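The structure appears below as structure tokens.
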Amino acid sequence: MAFSKQNRSDILTPTIEQPCIRHCCLDSHERCIGCFRMLDEILSWHTYSEREKEAVLVKCRSRQKGSN
């Protein structure tokens, strides 16, 4: 059975997975020491657009580099 683009949009739509590594613990700044997201970013992740998720991931990488 062949699928058209119309009924297989789930494959064609990019999805950014949350960066959670199941090492959840917030520091004194409400930042997760596992994925480096802020608490509000964790709670709002499911509402973010793909562009917003990408922006959060950039911030996470920056936070991770700053913590080393």
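Quick one: which residue in Glu54, Glu50, Glu30 is in contact with a Leu (Cβ under 6 Å, 6 or more places away or on another chain), at pLDDT 95 or above and exposed (fewer than 14 other Cβ atoms within 10 Å of the Cβ)?
After applying the criteria, what remains is Glu30.
So, in segment 36-45, of the ones that are of a type outside the set (Ser, Thr, Tyr) and over 9 Å from the mean Cα position of the chain (by Cα), which residue ends up nearest to Thr15 (Cα to Cα)? Working first, answer last.
Of the residues in segment 36-45, the ones of a type outside the set (Ser, Thr, Tyr) are 36-43, 45.
Next cut, over 9 Å from the mean Cα position of the chain (by Cα) only: 36, 38-40, 43.
On the way: Phe36: 20, Met38: 20, Leu39: 21, Asp40: 20, Leu43: 18 Å.
Only one residue tops the list, namely Leu43.
Taking segment 1-21 as the search range and keeping residues that are exposed (fewer than 12 other Cβ atoms within 10 Å of the Cβ) and either hydrophobic (A, V, I, L, M, F, W, C) or within 16 Å of Gln64 (Cα to Cα) (or both), which one is modelled with the highest pLDDT? Give the derivation first.
Just the residues of segment 1-21 that are exposed (fewer than 12 other Cβ atoms within 10 Å of the Cβ), to begin with: 1-15, 17, 21.
Retained after the next criterion (residues that are either hydrophobic (A, V, I, L, M, F, W, C) or within 16 Å of Gln64 (Cα to Cα) (or both)): 1-3, 11-12, 21.
Working: Met1: 49, Ala2: 51, Phe3: 46, Ile11: 53, Leu12: 56, Ile21: 92.
For segment 1-21, the residue satisfying everything is Ile21.
Report, by residue number, each residue of segment 39-61 that is part of a helix (DSSP H, G or I) and of a type in the set (Gly, Ala, Ser). Walk me through it before giving the result.
Looking only at segment 39-61, we keep the residues that are part of a helix (DSSP H, G or I), and these are 39-47, 50-61.
Scanning segment 39-61 gives Ser44, Ala55.
The values are calculated or read from the model by the stated rules, or taken from the named source; none is laboratory data. Everything numeric here is computed off the predicted structure, so don't read it as measured data. No Cβ is skipped: glycine too gets one built from the backbone with ideal geometry, and neighbour counts run over all protein chains shown.
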